[in-house]
């Protein structure tokens, strides 16, 4: 049951967008502004000690390192993601499948903007985009 809840939490943002699109078309034409977070902003995730651990790992391995051990960073990230999944009662390998590109994306982000590691909030913005 916990796995089902975790899966619903991960997929819910994807299910909302089509429903909003249908609802918008059914209403009379009025100017509207709807902001959707494509990443599925989740305060529960952001407050998790596992995501803070991922941030700290990122700072340790990437800050000021022009040639980071990307494969090592990726594997250590996956260990954190698996622990995160277990803490939620979700499938560790399912979580890896869901988040597998994140470590390498962070490496690219930090190369382009090293300030992304200056704070946890800045890291989250770099990871998911501004709210």
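Read-outs: derived from the displayed coordinates by stated rules, not from any lab. Bear in mind the structure is a predicted one, so any value in this text is a computation, not a measurement. Neighbour counts are summed over all protein chains in view; Cβ atoms, including those assigned to glycine, are modelled from backbone coordinates with ideal geometry.
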Using alpha carbon centroids, what distance separates the stretch 89-107 and the stretch 112-129, in Å?
18 Å
Compute the distance in nm between two label points, each set 7 Å from the Cα along the Cα-to-Cβ direction, one at residue 59 and one at residue 111.
2.4 nm
Any idea what diffusion coefficient the stretch 44-94 gets from Stokes-Einstein, in µm²/s, Kirkwood Rh on alpha carbon pairs, 10 °C, 1.306 mPa s?
138 µm²/s
By how many nm would the segment from residue 104 to residue 47 grow when fully extended, if each residue of separation counts as 0.36 nm and the alpha-carbon distance is taken off?
18.3 nm
Cα convex hull of the stretch 38-122: mean projected area in nm², to one decimal?
5.4 nm²
